[in-house]
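In what follows, a single structure is set out as structure tokens and then discussed.
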Amino acid sequence: MNYFESLEEILLTSNPKEKFKKFEFFYEKFLNKSLNLDLDYEPKPLDEPSYINLMKIVLPKEVRTRKYFDTNEGKGSLLHTIAHIEYSAIDLALDAAFRFKNLPDDYYKDWLEVASDEIRHFLMIEKIMKKVGYKYGDFEVHTNLFEAMKKTNTLVERMAIVPRYLEANGLDQNPKIMKKLDSNPDEINKEILKVLNIILEEEIDHVFKGDKWFRFACEKENLDVENTYLELIEKYYPGSTEGKKPDMNFEARKKAGFSCNELKRLANKKNCF
């Protein structure tokens, strides 16, 4: 069983249940060290997200946002947004473990572990979503995370932009959603809060893994970590390094590997707490 060929097949599988079943079989083989790493395998270009036929895809500005979670539709919309982030994160982790070759074994172990976590997150969210009468695919979505994956073809760029920028931004947003849910603590919202707490703690570890391999890639290419990171996020998301950011989750970001000096530069503040 070839590692890269099998992982590519899983990545391109669109049906979630089928994707997860294939991954479970593959992951067990990986942990048992019974896969063949054929380094000559050439990956196919990834032009479309695996979920393209599952739901309506629109521009980010066209995605309807619901500010209140006191109705089943509001809860369903929130849960679908989170589920889509988690589903996209599954593919991002799979692609990270598939796209880049000749790296230490721990690199592949880390990103397959992340993929396993993201599948579990998705399933927890999907379970609650079904309780309020919705399923994955019932709401429109955008492809921002997929576009970031498609554009970042070097390890330095991928680790900077995906885990260290986009997923780190999730560390900032999660507590705000939790606070809003906590203001209306019905039974479903309590369930969502419980899952979001799990996701927040585990996403810190995912960003930490991104931080570790970003630093590894920078060292390999003799690049300054802090300056390279700021240059890359400004390259991909112009203006993102400007202005103060009062909602930045400094505590979570520190746990995930960000230095105090880096956080001050990112948030345009004089301190990092």
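FYI, it's all coordinate maths here, none of it is from the lab. Just so it is clear, the structure is predicted and the values come from calculations on it, not from any experiment. Here Cβ is always computed from backbone atoms with ideal geometry, including for glycine, and neighbour counts include all displayed protein chains.
Set the Förster distance to 45 Å, then compute FRET efficiency between I52 and K270 from the Cβ-Cβ distance, nearest 0.05.
Values: r = 46 Å, r/R0 = 1.01.
That pair, I52 with K270, gives E of 0.50.
With each pseudo-label sitting 7 Å past Cα toward Cβ, what's the N222-D172 distance in nm, one decimal?
3.4
K44 versus E147, label points 7 Å from Cα toward the beta carbon: distance in nm?
Calculated label separation equals 2.4 nm.
For the chain, what does the alpha-carbon gyration tensor say about shape, rounded, prolate or oblate, given a ≥ b ≥ c as the root eigenvalues, a/c under 1.5 as rounded, and a/b over b/c as prolate? Intermediate values should be presented prior to the final figure.
On the way: a/c = 1.70, a/b = 1.08, b/c = 1.57.
Judged from the Cα gyration tensor, the chain comes out oblate (a/c at least 1.5, b/c at or above a/b).
How many lysine pairs in the stretch 65-171, separated by 8 or more positions in sequence or lying on different chains, have Cα atoms less than 26 Å apart?
15
Per-residue ellipticity at 222 nm for the chain, helices alone: DSSP H runs ≥ 4 residues times -39500 (n - 2.57), over residue total, nearest 500 deg cm²/dmol?
Values: 11 runs with 171 residues, N = 273.
Value at 222 nm, helices only, nearest 500: -20500 deg cm²/dmol.
Where in the chain are the DSSP H helices whose alpha-carbon span along the long axis reaches 18 Å or more and whose Kyte-Doolittle mean is at least -1.0? Could the numbers behind the result be given before it?
On the way: long enough: 16-31 (22 Å, -0.94); 72-99 (39 Å, 0.14); 105-131 (40 Å, -0.68); 168-182 (22 Å, -1.03); 187-220 (50 Å, -0.25).
Membrane-span-like by this rule: 16-31, 72-99, 105-131, 187-220.
Around K22, with a cut-off of 14 angstrom between Cβ atoms, what is the net charge of the other residues, counting Lys and Arg +1 and Asp and Glu -1?
Numbers: positive: K17, K19, K21, K29; negative: E5, E8, E9, E18, E24, E28, D91.
Local charge sum for K22: -3.
Under 13 Å Cα to Cα from K190, which aspartates and glutamates show up? Leave out anything in the same chain fewer than 8 places away.
D70, D182
Net charge near T143, counting Lys/Arg +1 and Asp/Glu -1 over other residues with Cβ under 10 Å of its Cβ?
Details: positive: K150; negative: E48, E147.
Once all neighbours under 10 Å are counted, the net charge is -1.
Relative contact order of the stretch 52-267, please, whole-number percent, based on alpha carbon pairs below 8 angstrom and at least 6 residues apart. Display every interim value, and only then the final one.
Numbers: 225 pairs, mean separation 47.8, N = 216.
Across the stretch 52-267, relative contact order equals 22 percent.
Using the Cβ atoms and a cut-off under 14 Å, what net charge is assigned to the surroundings of F4, where Lys and Arg are +1 and Asp and Glu are -1? Provide the component values of the computation, followed by the final result.
On the way: positive: K29, K44, R99, K101; negative: E5, E8, E9, D38, D40, E42, D95.
Here the charged neighbours net out to -3.
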